[in-house]
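Undergrad: Here it is, the structure in full.
The values are calculated or read from the model by the stated rules, or taken from the named source; none is laboratory data. Bear in mind the structure is a predicted one, so any value in this text is a computation, not a measurement. Heads up, the Cβs are rebuilt from the backbone with ideal geometry, glycines too, and the neighbour counts pull from every protein chain shown.
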Amino acid sequence: MKKRLALSTIAATLLAASSLGFAADDTFKIGLILPMTGQQASTGKQIAAAAQLYMAQNGSTVAGKKIELIIKDDAATPDVTKRLAQELVVNDKVNVLGGFGVTPAAFAAAPIATQSKTPMVVMAAATSIITQASPYIVRTSFTLPQAAVAMGDWAAKNGIKKAVTLVSDYGPGLDAEKYFKERLTFNGGQVVEALRVPLRSPDFAPFLQKVRDIKPDALFVFVPSGAGAAVMKQFLERGMDKAGIKLIGTGDVTDDDQLNDMGDGAIGVVTSHHYSAAHPSAANKKFVEAFEKANKGMRPNFMAVAGYDGMRVIYEALKATKGNGGGDALLAAMKGQIFESPRGPMFIDAQTRDVVQNIYIRRVQKVNGQLYNVEFDVLKDVKDPGKAK
Ligand code: DHB
């Protein structure tokens, strides 16, 4: 009797689930988990705006499916990310998960993507190892080793013998520190001190004081998107530039979201990154104009471009599977995609599911009265060096 009851309950549940499935059959749901509030809120704002722009430009019906974009705020808090990922998969029955503003958030959601076989498009988090946390992860942002290696090479070739590194004390910071040091040392330079600042509410002052006392040729910085302006301000206030210490870093520190408000003291700062709003291509010009127009003049940053390209990867996978694909088919259609992004050429490596892209060396300059990261050198088709070993 008990068994019969249990069986009929299961049957009823399955029936309910399949009828739900029918009702939802002509919709395709993309669930973005983003930090819309808190310390990383600019990441969420940029990616959400870019995803909405992509939809406005490319329509919301693809392969006969109505695209539904669901945006959830995790405030970059991993337990919230995990709960939201679960709810999106189980309750909303999303076809694809996306977003993930910081590394711990991406790690928190990865097991849910694996268990539910849901493709998970990482549009921000940039620690090398993230793509190995689930076979369902595809990344459209970048990796810190990609950017840091380029800076280690550039610094050594440009008279920087003695450097201090200053990074946020978590995954991407540790990647940046390690790969910058490796390349600088390989090229005959030296990292004389490696400083790590807390991710939450960092006070840069005591660290910068220490750097001023050491007086290296350069200070190499990684801080996440949104924290660069505080570093720049305190660096300049201490007169470190005037003391002959060059500020260099990955492009996160001269983030396009904040750069124009950093003041002329930022002019001359050299960084390495995969995207600049000043990237001189027709595709980028079009992207920047449309983004600024749709967002009251807000300039797109590297987070926005990864959100935009992430939506493209999802749209193209949906087209390629003619709207009939489950998680595995969609994932297969994401692997190996190659296209021109506003950042330049971009490729999703089918083996690693990570992004292969150009890394540009840029210098902050004033262009038409505004501060931009102006690209002056390029390393082409850079794979994540974190996976090469
Ligand atoms: C990460 C976050 C950022 O804001 C950034 O610029 C780079 C990396 C991260 O948490 O992975």
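Undergrad: Quick one: how many residues across the stretch 22-68 are among the aliphatic types (A, V, I, L, M) and at positive phi?
TA: Residues flagged as among the aliphatic types (A, V, I, L, M) and at positive phi within the stretch 22-68 amount to 1.
Table: residues versus (1) farther than 22 Å from Y275 by Cα; (2) in contact (Cβ under 8 Å) with a residue 12 or more places away in the chain.
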| residue | (1), (2) |
| --- | --- |
| V197 | yes, yes |
| D203 | yes, no |
| P206 | yes, no |
| R212 | yes, yes |
| F220 | no, yes |
| A229 | no, yes |
| M232 | no, yes |
| E237 | yes, no |
| K242 | yes, no |
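Undergrad: Can you name the residue in the stretch 211-238 that is part of a helix (DSSP H, G or I) and among the basic types (K, R) and is also nearest to the ligand (Cβ to nearest atom) among such residues?
TA: Ranking the candidates gives K233 first.
So that you can scan it fast, the table gives a plain yes or no per residue for (1) touching a residue at least 60 places away in the same chain (Cβ under 8 Å); (2) touching a helix residue (DSSP H, G or I) at 6+ places or on another chain (Cβ under 8 Å); (3) buried (at least 23 other Cβ atoms within 10 Å of the Cβ):
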{"site": "K285", "(1), (2), (3)": "no, no, no"}
{"site": "N295", "(1), (2), (3)": "yes, yes, no"}
{"site": "M298", "(1), (2), (3)": "yes, yes, no"}
{"site": "A306", "(1), (2), (3)": "yes, yes, yes"}
{"site": "G310", "(1), (2), (3)": "yes, yes, yes"}
{"site": "D328", "(1), (2), (3)": "yes, no, no"}
{"site": "P342", "(1), (2), (3)": "yes, yes, yes"}
{"site": "A350", "(1), (2), (3)": "no, no, no"}
{"site": "P385", "(1), (2), (3)": "yes, yes, no"}
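Undergrad: When the residues of the stretch 24-40 are narrowed to those that are over 18 Å from L97 (Cβ atoms) and away from the ligand (no atom under 16 Å from the Cβ), which ends up modelled with the highest pLDDT?
TA: The residue in question is D26.
Undergrad: Tell me, which strands (runs of 3 or more DSSP E) lie completely within the stretch 320-389 with 2 or more residues that are within 27 Å of N158 (Cβ to Cβ)?
TA: Qualifying strands (runs of 3 or more DSSP E): 344-348, 355-367, 370-382.
Undergrad: Which condition breaks for V305 when tested against (1) closer than 23 Å to L144 by Cβ; (2) part of a helix (DSSP H, G or I); (3) away from the ligand (no atom under 16 Å from the Cβ)?
TA: Single failed check for V305: (3).
Undergrad: Also: Residue check, W154 against (1) within 25 Å of V191 (Cβ to Cβ); (2) under 13 Å from the mean Cα position of the chain (by Cα); (3) more than 15 Å from the ligand (Cβ to nearest atom), all met but one. Which one?
TA: It is condition (2) that W154 fails.
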